[in-house]
Amino acid sequence: MARSFAGAGTALVTPFTRSGSLDEAALRRLVRRQVEARIDVLVPCGTTGESVTMSGDEQKRVVAVTVEEAGGRVPVLAGAGSNDTRTAVERAKAMADVGADGILSVAPYYNKPTPEGFHRHFAAVADAVTVPVVVYNVPGRTGSNIDVKTQLRLASHPNITAVKEASGSLTQVMEILRDRPEGFEVLSGDDAFTVAFMALGGEGVISVAANQVPGPVRDLVAACARGDYVEARRIHYRLLRLMTLNFVESNPIPVKASLAMMGLCEESFRLPMCPPTEATREALRGALKELGLLS
């Protein structure tokens with residue numbers, strides 16, 4: 001049976017020092033905090049992790065540290081995508097070599113493949129590794145949507161076990177959920193849609209907000225999984241302001257600024273990411289205070 005990536009997953013930020021180098025000590029602290037909060041899945045080197053501004057060696061180091069700190073207690077789903085299939089294959093192999101339990105492979109961006117191109121791209125990645133592959137559909141970032149027919153075709157590949165769906169279309173999500181093969185997991189790529197996804201039959205979320213509030217996000221997903229939607233809605237609406245603010249500027253700007261306010265990492269970005277506006281900073285500070293994360 002393929003490894004599951006169901007539940008509450010955290011799309012980890014990558015902490016940098018003030019000089020812009022990888023802050024390994026802060027990364028270890030962040031991962032330990034997630035493990036202690038009993039998060040279900042760790043997802044380094046995704047969009048939230050600023051992976052596109054990191055070298056291949058840096059990406060491997062981030063995943064290796066995450067695997068080491070997780071210590072087998074939490075599965076590590078490593079981001080390893082590219083808009084060049086050969087590069088995506090090599091990155092996937094590299095992440096598997098350093099101990100990742102699965103590969104999160106984003107849809108090729110900028111070059112806008114056809115449905116057949118998407119299928120060949122992801123099949124090449126899945127054929128190249130023995131760990132399971134999770135397809136990541138995020139058209140707001142990539143410029144093209146992996147349609148339902150193509151996702152279902154990919155779901156028939158024995159090594160493609162899930163999709164992180166961030167198309168923003170609940171109709172598309174419902175069609176995938178209705179027609180997917182048994183065992184194929186559908187994960188929300190948007191915190192604010194988690195309750196809706198799981199009510200419709202989805203298995204969880206890969207969350208940005210879990211960087212700030214791993215315990216509450218885990219509790220929200222657990223409530224959905226046991227069918228307690230009264231409790232799930234209570235948590236959802238408590239966190240909704242933070243979920244929304246995390247995307248008021250390009251992710252991961254707000255979430256990394258929040259973690260810096262909380263003393264968990266430096267507010268250090270690699271261009272073209274840059275610090276938030278003062279208005280965003282003040283709104284985040286208010287949301288964090290509401291949740292008891294700042295005094």
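The values are calculated or read from the model by the stated rules, or taken from the named source; none is laboratory data. Model, not experiment: these values are computed from the prediction. Glycine also receives a Cβ, built like all others from the backbone with ideal geometry; neighbour counts cover every protein chain displayed. All accessible areas refer to the heavy atoms of the entire protein, side chains included, with ligands and DNA or RNA removed. Shrake-Rupley method; radii C 1.70, N 1.55, O 1.52, S 1.80 Å.
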* Pull out a ≥ b ≥ c, the square roots of the eigenvalues of the alpha-carbon gyration tensor of the stretch 182-223, then state rounded if a/c is under 1.5, prolate if not and a/b is larger than b/c, and oblate in the remaining case. => prolate
* Structure fact -> The correct ranking of His121, His157 by accessible area at 1.4 Å, largest first, is His157, His121
* Structure fact -> Computed for the chain: size of charge dipole around the Cα centre, +1 on C-beta of each Lys and Arg, -1 on C-beta of each Asp and Glu, debye to nearest 20, value 220
* **Förster radius 35 Å - calculated FRET efficiency between Thr280 and Ala124 (Cβ-Cβ, nearest 0.05)** => 0.30
* Accessible area of the chain divided out per residue, in Å², using a probe of 1.4 angstrom -> 41
* Within the stretch 3-21, which residues have the backbone N less than 17 Å from the label spot 7 Å out from Arg32 along Cα→beta-carbon, could you tell me? => 15
* Structure fact -> Computed from the beta carbon distance with a Förster radius of 51 Å, FRET efficiency for Glu182 and Ser295 to the nearest 0.05 stands at 0.55
* How would Thr85, Thr277, Thr150 line up by accessible area, probe 1.4 Å, largest first? -> Thr277, Thr85, Thr150
* To do: Compare the Cα positions of Tyr136, Ala166, Pro252 along the charge dipole of the chain (+1 at Cβ of Lys, Arg; -1 at Cβ of Asp, Glu; about the Cα centre) and return the one farthest towards the positive end.
  => Pro252
* Write down the percent of antiparallel bridges among all DSSP beta bridges whose residues are both part of the chain, to the nearest 5. => 5
* For peptides 264-270, 179-185, 87-93, sequence by mean Cβ density within 10 Å, most packed first -> 87-93, 264-270, 179-185
* Structure fact -> What helix-only [θ] at 222 nm does the chain give? Using -39500 (n - 2.57) per DSSP H run of at least 4, over all residues, to the nearest 500, the answer is -14000 deg cm²/dmol
* **Cα lying deepest toward the dipole's positive end in the chain, options Val63, Gly7, Gly79, charges on Cβ** => Gly7
* **Karplus-derived HN-Hα couplings along the stretch 211-224 (A = 6.51, B = -1.76, C = 1.60, θ = phi - 60°), whole Hz, x at Gly and Pro** => 4, 7, 10, x, x, x, 5, 4, 5, 4, 5, 5, 4, 4
* Structure fact -> Note to self: C-alpha centroids of the stretch 46-95 and the stretch 143-164 sit apart, in Å, by 20
* Structure fact -> For the stretch 78-188, the dipole about the Cα centre with charges only on Cβ (Lys and Arg +1, Asp and Glu -1), to the nearest 20 debye, works out at 240
* **Förster radius 45 Å - calculated FRET efficiency between Ala25 and Arg226 (Cβ-Cβ, nearest 0.05)** => 0.75
* For the chain, which whole percent of the accessible surface, found with a 1.4 angstrom probe, sits on carbon and sulfur atoms? -> 51
* Going by accessible area, probe 1.4 Å, with all protein chains left in place, what is the ranking of Arg241, Arg178, largest first? -> Arg178, Arg241
* Asked: Which entries in the list Lys93/Lys164; Lys112/Lys164; Lys149/Lys256 go over 28 Å, if you measure between the two C-alpha atoms of each?
  -> Lys149/Lys256
